Structures are given as structure tokens and as C-alpha cells.
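Okay, so here's the structure we're looking at.
The values are calculated or read from the model by the stated rules, or taken from the named source; none is laboratory data. All values derive from a computational prediction rather than experimental measurement. Glycine gets a Cβ as well: all are built from the backbone with ideal geometry, and neighbour counts include every protein chain shown. Note: areas computed on protein heavy atoms with side chains; ligands, DNA, RNA excluded. Shrake-Rupley method; radii C 1.70, N 1.55, O 1.52, S 1.80 Å.
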Amino acid sequence: MFYYEVLCFSCKKTFKVYEGSLKYKQAKERKVKYFCCGECADKIRIEAILSFMNRN
């Protein structure tokens, strides 16, 4: 199975994106590769939801 190793812009760790996934397709087509690993994506999503809920 083919994969690309990309750098998470948030935690600066390298992770693999495997063939058939959306991130793999984006990594293959893009020249500038800013990606977010699964853990950081979840943290960002939770922070956004909490921020939205705490609005007055």
C-alpha cells in the first residue's frame, strides 16, 4: 500500500497518509503541504465547538 509521510502543522510530528484517503489525494496534488494529524484535528474541532458554545 502506498503512503506519504506528512508533517502535522500543529504538533510538528510526522504521520502517514495512506492511499485512498482524502489527505493522500491532497498530499499528492498539493505543493505546499499543511496537514493536521488525527489527534490535533480532534483537539481543534473540540476547541472550536467550545468556543462557539461559550459565545454570548
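Structural remarks
- The chain: projected area of the alpha-carbon convex hull, averaged over directions, in nm²: 4.7 nm²
- A full extension of the chain between LYS25 and GLU5 corresponds to an added length of 5.9 nm, given 0.36 nm per residue minus the alpha carbon distance.
- Distance between modelled label sites at ASN54 and TYR34, nm, 7 Å Cα→Cβ extension: 2.4 nm
- Percentage relative contact order, the chain, counting C-alpha pairs under 8 Å, at least six apart: 30 percent
- Protection proxy ranking of 5-12, 33-40 - average other beta-carbon atoms within 10 Å, highest first: 33-40, 5-12
- Accessible-area order (highest first, 1.4 angstrom probe) of the listed residues LYS16, LYS43: LYS43, LYS16
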